[in-house]
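Values quoted throughout were computed directly from the atomic coordinates according to the rules given, and no laboratory measurement underlies them. In this text the structure is predicted, and so the values were computed from the model without any measurement. Neighbour counts run over all protein chains shown; Cβ positions are idealised from the backbone, glycine included.
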Amino acid sequence: MRCPYCGSLDTQVKDSRPAEDSASIRRRRVCPDCGGRFTTFERVQLRELHVMKKSGRRVPFDRDKLQRSVQIALRKRPVEPERIERLVSGIVRQLESMGEADVTSDQIGELVMEALKGVDHVAYVRFASVYRDFGDMQDFGAFIGELSREPSEGAV
């Protein structure tokens, strides 16, 4: 693992333990060259996923990008960080279990929408406004109208 401080390729693991979600391993590392300490996380990856963008580009799937998007939608909402981690891990597992190495950005967006709908309606609307590219207030109104007609799923 490359040192984030000096770039050395020779770092040593000082401590390993399961992360809070028990789906990853947390490793404390130290660089013998500069003495820098940092943490890494190791997760199971069932297959190498690629995302087919709407533009036709094919890019490697980035779990961190997915997590950032979900965190932005849930910013300042009463949702525990562990629940966010479980939500993201669940989406990644669903993508990996589809059996395809290539997934579309639309498939990812729909899985995120479905997951957020069950967690927090405000975050669901926030994410939908970007994902579905709401252009004006009528788009928000129509979407919220659809949401209010559906039976409640226990979201905040």
Give the long-range amide H neighbours of Thr104: residues separated by 5 or more places, or on another chain, with amide H under 5 Å away, using H modelled in the peptide plane at 1.01 Å from N.
-> Met52
Using only Cα positions of the range 45-149, each an equal point scatterer, no hydration layer, compute I(q)/I(0) via Debye at q = 0.14 Å⁻¹ and quote the log10 values to two decimals.
-> -0.57
In degrees between 0 and 90, to the nearest 10, how far off the longest principal axis of the chain does helix 121-131 point, with axes built from Cα atoms?
-> 80 degrees
Principal-axis tilt of helix 105-117 within the chain, Cα atoms, nearest 10 degrees | 80 degrees
With a 10 Å Cβ neighbour count serving as the proxy for reagent exposure, in which order, fewest first, do Thr39, Thr11 appear?
-> Thr39, Thr11
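Under the rule of -39500 (n - 2.57) per DSSP H run of 4 or more residues, summed and divided by the residues of the chain, what mean residue ellipticity at 222 nm is obtained, to the nearest 500 deg cm²/dmol? Provide the component values of the computation, followed by the final result.
Numbers: 5 runs with 65 residues, N = 156.
Only helices count here, giving -13000 deg cm²/dmol.
Going by how many other Cβ atoms sit within 10 Å of their own, how do His121, His50 line up, fewest first? Intermediate results must be reported in sequence, preceding the final value.
Details: His121 19, His50 15.
Ordered by Cβ neighbours within 10 Å, fewest first: His50, His121.
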